[in-house]
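Scroll down for the structure; my scribbles are underneath it.
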């Protein structure tokens, strides 16, 4: 196993000096460009694949990037959303799922998490996604469910009054992304047809 403390030493020796000015600026406060809600999966590194610098994205992670509706979301998620929208006034929230998500596999096949009761209860918050038929039928069932879960969490975000108010006032935009760590590609949810397209196509 890699020595993580050795990594800290390497960071302090090589990386920190190159970014020291940035960190000193951030000591005075933060103004991130987005609240980034994604999965805890170790293969997902949002700062890396968005090429973000320190202070640019405000990140919260959990198994399955599950938000939950207002009142059923866990306290950490609810508090983070409230702080990001009301205190930091982020202009966008991104819900980012990822390929081969174990949480969504557990939702699709409950027997796979039978020995993990807390995981089972957690992913069950997304059971509504199982009924979503709006995905691309040419993709596999797991990918369809991952996409459906992203759509569901975007709807759940709108049950938070601070989010709904900011969206309706034009101060906040919500986005759905799907990251494939095997290819490095990001697909984005398009409001026109509620489907995911390659981010490069969307930018063009």
Does any residue of region 114-132 turn out to be over 14 Å from residue 67 (Cβ atoms), touching a strand residue (DSSP E or B) at 6+ places or on another chain (Cβ under 9 Å), modelled with pLDDT of 95 or more and surrounded by 19 or more Cβ atoms within 10 Å (Cβ to Cβ)?
no
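For residue 184, are the conditions met, namely being surrounded by fewer than 18 Cβ atoms within 10 Å (Cβ to Cβ), touching a helix residue (DSSP H, G or I) at 6+ places or on another chain (Cβ under 7 Å) and either assigned by TED's automatic domain parsing to the domain that holds residue 89 or within 17 Å of residue 92 (Cβ to Cβ) (or both)?
Working: surrounded by fewer than 18 Cβ atoms within 10 Å (Cβ to Cβ): yes; touching a helix residue (DSSP H, G or I) at 6+ places or on another chain (Cβ under 7 Å): yes; either assigned by TED's automatic domain parsing to the domain that holds residue 89 or within 17 Å of residue 92 (Cβ to Cβ) (or both): yes.
Judged against the criteria, residue 184 is a match.
Yes or no: residue 91 over 18 Å from the mean Cα position of the chain (by Cα) and assigned by TED's automatic domain parsing to the domain that holds residue 71? Even if it seems obvious, please write down each step before you answer.
Details: over 18 Å from the mean Cα position of the chain (by Cα): no; assigned by TED's automatic domain parsing to the domain that holds residue 71: yes.
So residue 91 fails the test.
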State the number of residues belonging to region 84-95 that are in a helix (DSSP H, G or I) and surrounded by 15 or more Cβ atoms within 10 Å (Cβ to Cβ).
2
Would you pick out the residues in region 1-58 that are in contact with a strand residue (DSSP E or B) (Cβ under 7 Å, 6 or more places away or on another chain), touching a residue at least 40 places away in the same chain (Cβ under 8 Å) and assigned to a loop (DSSP other than H, G, I, E, B)?
32, 33, 41, 44
Tally the residues that are within 30 Å of residue 198 (Cβ to Cβ) and in contact (Cβ under 8 Å) with a residue 60 or more places away in the chain, restricting the search to region 66-99.
15
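Which residue out of 69, 141, 61 is surrounded by fewer than 21 Cβ atoms within 10 Å (Cβ to Cβ) and in contact with a strand residue (DSSP E or B) (Cβ under 6 Å, 6 or more places away or on another chain)?
Numbers: 69 fails: in contact with a strand residue (DSSP E or B) (Cβ under 6 Å, 6 or more places away or on another chain); 141 fails: in contact with a strand residue (DSSP E or B) (Cβ under 6 Å, 6 or more places away or on another chain).
Just a single option satisfies the conditions, and that option is 61.
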Within the bounds of region 87-110, is there any residue that is modelled with pLDDT of 95 or more, in contact with a strand residue (DSSP E or B) (Cβ under 7 Å, 6 or more places away or on another chain) and closer than 17 Å to residue 69 by Cβ?
yes
Here is a check on your reading of the model: is residue 67 at pLDDT 95 or above, assigned to a loop (DSSP other than H, G, I, E, B) and within 15 Å of residue 176 (Cα to Cα)?
yes
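The values are calculated or read from the model by the stated rules, or taken from the named source; none is laboratory data. None of these values were measured; they are calculated from a predicted model. Glycine gets a Cβ as well: all are built from the backbone with ideal geometry, and neighbour counts include every protein chain shown.
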